[in-house]
């Protein structure tokens, strides 16, 4: 997990349930890794990308 970045493009085809599952898995991984590693830039950026994708899904669609 520490050496792989999950990009917004990787997330675009996932359902909301899949995004939530991925968010919780990455969150658990980050929590475990924090016990031994101080900085986790790729994992933290991946977590931000997943959270942003979930936020975009929750926003109402723009009206034409």
Check: Residues of the range 24-40 being part of a helix (DSSP H, G or I) and either out of contact with any helix residue (DSSP H, G or I) (no Cβ under 6 Å at 6 or more places or on another chain) or modelled with pLDDT of 95 or more (or both), which ones?
Finding: 24, 25, 27, 28, 29, 31, 32, 33
Check: So which of 5, 14 is closer than 18 Å to residue 52 by Cα, without any contact (Cβ under 8 Å) to a residue 40 or more places away in the chain and assigned to a loop (DSSP other than H, G, I, E, B)?
Finding: 14
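The values are calculated or read from the model by the stated rules, or taken from the named source; none is laboratory data. Source: prediction; values computed, not measured. No Cβ is skipped: glycine too gets one built from the backbone with ideal geometry, and neighbour counts run over all protein chains shown.
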